[in-house]
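Notes to accompany the following structure.
The values are calculated or read from the model by the stated rules, or taken from the named source; none is laboratory data. Small disclaimer: the values here were computed from a predicted structure and weren't measured. With ideal geometry, Cβ positions are generated from the backbone for all residues, glycine too; neighbour counts draw on all protein chains shown. Accessible surface is based on the protein model in full, side chains and every heavy atom, while ligands, DNA and RNA are left aside. Shrake-Rupley method; radii C 1.70, N 1.55, O 1.52, S 1.80 Å.
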Amino acid sequence: MVTLLYAAVIGDIVGSRKLPNRSDVQKDFLSLIKEANHKFASAIESPFTVTIGDEFQVLLHDIQSVPAVIELITAGMEPIRLSFGIGIGTLSTEINREFAIGMDGPVFHWARKALERAKRKKPSVVYLSDFPGTEMMNALQYFMETCQKGRSKRQKEIL
């Protein structure tokens, strides 16, 4: 029997309640997830869905697409900051192909734990699973974020 692995990505807009233009940010975000659902349709098992407040989630069957998904959302929301929890694991329930809600399993448990950790401390993107190597991924993620934050305005423009 082959066990299918998924990546659940749960994200949160940092400090959304304090944003002066919260409704505009929400509209922009809804437009962005519509674009992401289209662009990553071949990788998505259950589409981007706004869940509670300014949290959202998506279930991917193509785990390798996670960094590109996060990059699209992060770049599209700039300068708004986000936190992401990525769980890699199995699903215990049927897949909801219309909305990324009502599903359960280790993949979502890991993602929720990862998001809580990302909200508490760095990096802003945390991967969790029961596979060896996820802490190495988190260390690399922290290193990359540190390098990105240290860039000057000119370096950002050039990139």
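Can you confirm whether the range 57-65 contains a residue that is over 16 Å from residue 7 (Cβ atoms), touching a strand residue (DSSP E or B) at 6+ places or on another chain (Cβ under 9 Å) and of a type in the set (Ser, Thr, Tyr)?
Within the range 57-65, none of the residues are over 16 Å from residue 7 (Cβ atoms), touching a strand residue (DSSP E or B) at 6+ places or on another chain (Cβ under 9 Å) and of a type in the set (Ser, Thr, Tyr).
Since residue 2 meets every condition but one in (1) within 30 Å of residue 130 (Cβ to Cβ); (2) modelled with pLDDT of 90 or more, which condition does it not meet?
Result: residue 2 fails condition (2) only.
Cβ-Cβ distance below 9 Å, separation of 6 or more or different chains: which pairs start in the range 78-106 with a residue that is modelled with pLDDT under 90 and end on one that is open to solvent by less than 10 Å² (accessible area, probe 1.4 Å) and of a type in the set (S, T, N, Q)?
That search, which allows pairs on different chains as well, returns 95/46; 96/46; 97/46; 98/46; 99/46; 100/46; 101/46; 103/46.
Starting from residues that are over 26 Å from residue 94 (Cβ atoms) and crowded, with 19+ Cβ neighbours inside 10 Å, keep the ones in the range 28-63 and report whichever is modelled with the highest pLDDT.
Among residues in the range 28-63 that are over 26 Å from residue 94 (Cβ atoms) and crowded, with 19+ Cβ neighbours inside 10 Å, the one modelled with the highest pLDDT is 29.
Just one of 14, 9, 66, 25 is in contact (Cβ under 8 Å) with a residue 40 or more places away in the chain, closer than 23 Å to residue 128 by Cα, more than 12 Å from the chain's Cα centre (by Cα) and open to solvent by less than 60 Å² (accessible area, probe 1.4 Å); which is it?
Only one candidate qualifies: 14.
Which residue out of 76, 85 is in a strand (DSSP E or B) and under 14 Å from the mean Cα position of the chain (by Cα)? Don't jump to the end; show me each part of the working.
Details: 76 fails: in a strand (DSSP E or B).
When all the criteria are applied, what remains is 85.
Taking interchain pairs and intrachain pairs at least six residues apart, which have beta carbon atoms under 6 angstrom, with the first residue in the range 33-59 and closer than 14 Å to residue 9 by Cα and the second part of a loop (DSSP other than H, G, I, E, B) and open to solvent by less than 30 Å² (accessible area, probe 1.4 Å)?
46/100; 49/100; 57/100; 58/100; 59/100
Of everything in the range 100-159, what is in a loop (DSSP other than H, G, I, E, B), aliphatic (A, V, I, L, M) and either buried (at least 16 other Cβ atoms within 10 Å of the Cβ) or touching a strand residue (DSSP E or B) at 6+ places or on another chain (Cβ under 7 Å) (or both)? Give them in sequence order.
Selection gives 100, 101, 103.
Under the condition of being of a type in the set (A, V, I, L, M, F, W, C) and in a loop (DSSP other than H, G, I, E, B), which residue from the range 88-98 is nearest to residue 5 (Cα to Cα)?
Initial filter on the range 88-98 (of a type in the set (A, V, I, L, M, F, W, C)): 88, 91, 95.
Remaining after also requiring in a loop (DSSP other than H, G, I, E, B): 91, 95.
Values: 91: 8, 95: 13 Å.
Per the stated criteria, the residue is 91.
Looking at 146, 90, can you tell me which residue is in contact with a helix residue (DSSP H, G or I) (Cβ under 9 Å, 6 or more places away or on another chain) and of a type in the set (Val, Ile, Thr)? Break it down into steps so the answer makes sense when it comes.
Details: 146 fails: in contact with a helix residue (DSSP H, G or I) (Cβ under 9 Å, 6 or more places away or on another chain).
After applying the criteria, what remains is 90.
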